[in-house]
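Before any comments, here is the structure.
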Amino acid sequence: MKLTVNRGKITQILAAAATNLLSILFGFVLSWTSPAIALLQSEQSPLDSGPITIDEASLMTALMYVGCCMGAIVAGWLANTVGRRISLLILVIPQLIGFILIVTARNVTVLYISRIFSGFSGGSVCVVYPIFTSEIADKSLRGVLGNFLGFGFNFGCLAGKCLTTYGGFYATPIAVFVIIGIFGIIFLQIPDTPQYLLLRDRHEDAERSLKFYRGISKDNEMSPSVVEEFSELKKSPSLNNQNVPLSIEDFKGGPTILAILISFLVGSNPNFSGNRILIAYTEPLLANSGSLMDTAAVDVAITGIQVIVALASIFIVNFGGFRKTLLGYYVISCLSLVIAGIHYFLHEMNIDMSGFWWLIFMSMAVSVSLPSTALTSIAFALPAEILPTKIRGIIISFFMLIAWIIAYLYAQFYFPLTDVWGHSVWMWIFAFWCFFGVLFTYFLIPETRGKTFDEVLTLLNEKIPSRWKKTFTL
């Protein structure tokens, strides 16, 4: 039996895996605070200025999102100006600077600055990454490659926590320097996406790019299927008249407006499902649960479960598609967050919960792992599949900016508000969002698996009730 190897799909997977190194780095950045805060608050703090306070820890965590806001503002413009590939190469530089500052930090102020640089890189990459992967991928692979982000992000969270917990304060920065070097070497060798090159009227370069990502040697002719794909790309309404400046007309039309609405809703998942809070503060949350456990070890165990679920989600999304996966994950996340809220509520009522460590472990593991995989991955991947190419960068940047602002407010005020209403209310707020997610996914989100962009437009149009179509068309 002869094994047939699809060079094109292998090339796409390898290119997406290389890009995914950046999501691993962002996982390092977000999860680094969980074990680092405990170390920085202890007498063994590596800072010459000594242990930091809880307010300084909250500000250090929150300032990353200030950087993310700045990155989101720049990323869409940069992706459309210099291209997706060059943008990613440029945007990894602030990450390098951020971790150099961590290595050289002698006081908490330097850590504040480092978090802004790291956030700038992470926030901008979250805009460009899904655009790049969706544009290089064959339609049968888009969902899988888009979900690479979830696996890479969660693997980065696990590696970052393990390195900091067991390797010391400086282990994570060293790993970051190695990853950045590998990424740079790989990305200097590959072309930009066919869609971007068509946007710039570089048709010959676009053809060469498509041949590269479909596994065709530059000296060989394109196969009939690739010729047809390239012809469809050139004729696609989303790539016509791209040299004309953006206008309000580009944002009109029922499918476009619905795509913008869906992008905003799924883009809110990382915040309103509690994902960013639960990852950044896993160890402090466990310590405040009233359960007796080794919080550092349990934190790493929960993050390990994230990675396993993220890996499984790649296959789940491939077979079930975005829509069904979202529905299932919303339901399970909602139930686990309700249970976590009940646990915290009983602890806040001074009921001894020390014997129920397994309950908070299970509910936190699910509440962290599911939103960190499909809910967050799809939040980044789906908008790149449903938004028109011309407005894709600016819409994703704008919504990411809003998301990072909300994330900053969460990180800065989570603990002060917890003193007022407890952890339980927060868990139930996150659970309510997941319940709402079931509704908007069922009624608004189409299945994009295996569909071209023009087919997705048709599905979006079908989701709009006939009595609303005039309103949606503006």
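Where only protein heavy atoms count, and the probe is 1.4 Å, what is the accessible area per residue for the chain in Å²?
Details: 19100 Å² over 474 residues.
So the chain comes to 40 Å² accessible per residue, rounded to a whole number.
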Calculate how steeply helix 453-463 sits against the longest principal axis of the alpha-carbon atoms of the chain, using the helix alpha-carbon long axis, and give the answer as 0 to 90 degrees to the nearest 10. 70 degrees
I want to check the label-to-label distance for ASP55 and GLU462. Put each point 7 Å from Cα in the C-beta direction and report it in nm to one decimal. 5.7 nm
Cysteines (scope the chain) whose Cβ has no counterpart Cys Cβ under 4.7 Å: CYS68, CYS69, CYS126, CYS157, CYS162
Extended-chain gain in nm, criterion 0.36 nm per residue less alpha-carbon gap, ILE332 and ALA301: 9.2 nm
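Hey, with R₀ at 51 Å, roughly what FRET efficiency would ALA287 and ASP205 work out to, going by the Cβ-Cβ distance, to 0.05? Walk me through the numbers before you get to the answer.
Details: r = 54 Å, r/R0 = 1.07.
Working from the Cβ atoms, E equals 0.40.
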Nitroxide proxy distance, nm - points 7 Å out along Cα→Cβ at LYS252 and LYS234: 3.0 nm
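Which translational diffusion coefficient, to the nearest whole µm²/s, is obtained for region 81-224 from the Stokes-Einstein equation, given a Kirkwood hydrodynamic radius over C-alpha pairs, 4 °C and 1.567 mPa s? All intermediate terms of the calculation are to be shown ahead of the outcome.
Details: Rh = 17.1 Å.
D, rounded to a whole number, is 76 µm²/s.
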Please report how far the C-alpha centroid of region 102-170 lies from that of region 244-296, rounded to the nearest whole angstrom. 15 Å
Using a Förster distance of 30 Å, how high is the FRET efficiency between LEU261 and PHE413, based on the Cβ-Cβ distance and rounded to 0.05? 0.65
The chain: relative contact order as a whole-number percent, Cα under 8 Å and 6+ apart: 25 percent
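Expressed as a whole percentage, what fraction of the accessible surface of region 26-156 belongs to carbon and sulfur atoms when a 1.4 Å probe is rolled over the protein heavy atoms?
On the way: 2670 of 3830 Å².
That fraction is 70 percent.
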Full-extension gain between ILE406 and ASP352, please, as 0.36 nm times their residue separation minus the C-alpha to C-alpha distance. 16.0 nm
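Nearest 500 deg cm²/dmol is fine: what mean residue ellipticity at 222 nm does the chain get from its DSSP H runs of n ≥ 4 alone, each adding -39,500 (n - 2.57), divided by its residue count? All intermediate terms of the calculation are to be shown ahead of the outcome.
Values: 20 runs with 364 residues, N = 474.
Helix-only estimate at 222 nm: -26000 deg cm²/dmol.
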Within region 6-34, list the residues whose amide N lies under 16 Å from a label point set 7 Å along Cα→Cβ of ASN220. 6-12
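Please compute the length gained on full extension between LYS324 and VAL420, using 0.36 nm multiplied by the number of residues separating them and subtracting their Cα-Cα distance. Walk me through the intermediate numbers first.
Details: separation 96, 0.36 × 96 = 34.56 nm, distance 3.75 nm.
Gain on extension, LYS324 to VAL420, equals 30.8 nm.
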Helix 254-267 vs. the chain, principal-axis angle (Cα, 0 to 90°, nearest 10): 30 degrees
Give me Rg over Rh for the chain, both radii from the alpha carbons and Rh done the Kirkwood way, two decimal places. 0.98
Calculated SAXS-style log₁₀ I(q)/I(0) at q = 0.14 Å⁻¹ - region 288-389, Debye, Cα scatterers: -0.61
Cα atoms only: what Rg and Dmax, in Å, come out for region 22-119? 14.6, 48
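When the accessible area of region 338-434 is computed with all protein chains present and a 1.4 Å probe, what percentage of it is carbon and sulfur? Intermediate results must be reported in sequence, preceding the final value.
Working: 2830 of 3540 Å².
Carbon with sulfur: 80 percent of the solvent-accessible area.
Would you please put 342-350, 306-314 in order of how densely packed they are, using the mean number of other Cβ atoms within 10 angstrom per residue and starting with the highest?
Final packing ranking: 306-314, 342-350.
The values are calculated or read from the model by the stated rules, or taken from the named source; none is laboratory data. These figures come from a predicted structure and were not determined experimentally. When we count neighbours, we look across all protein chains shown, and the Cβ atoms used for this are built from the backbone with ideal geometry, even at glycine. Surface areas here come from the heavy atoms of the whole protein model, side chains and all, with no ligands, DNA or RNA. Shrake-Rupley method; radii C 1.70, N 1.55, O 1.52, S 1.80 Å.
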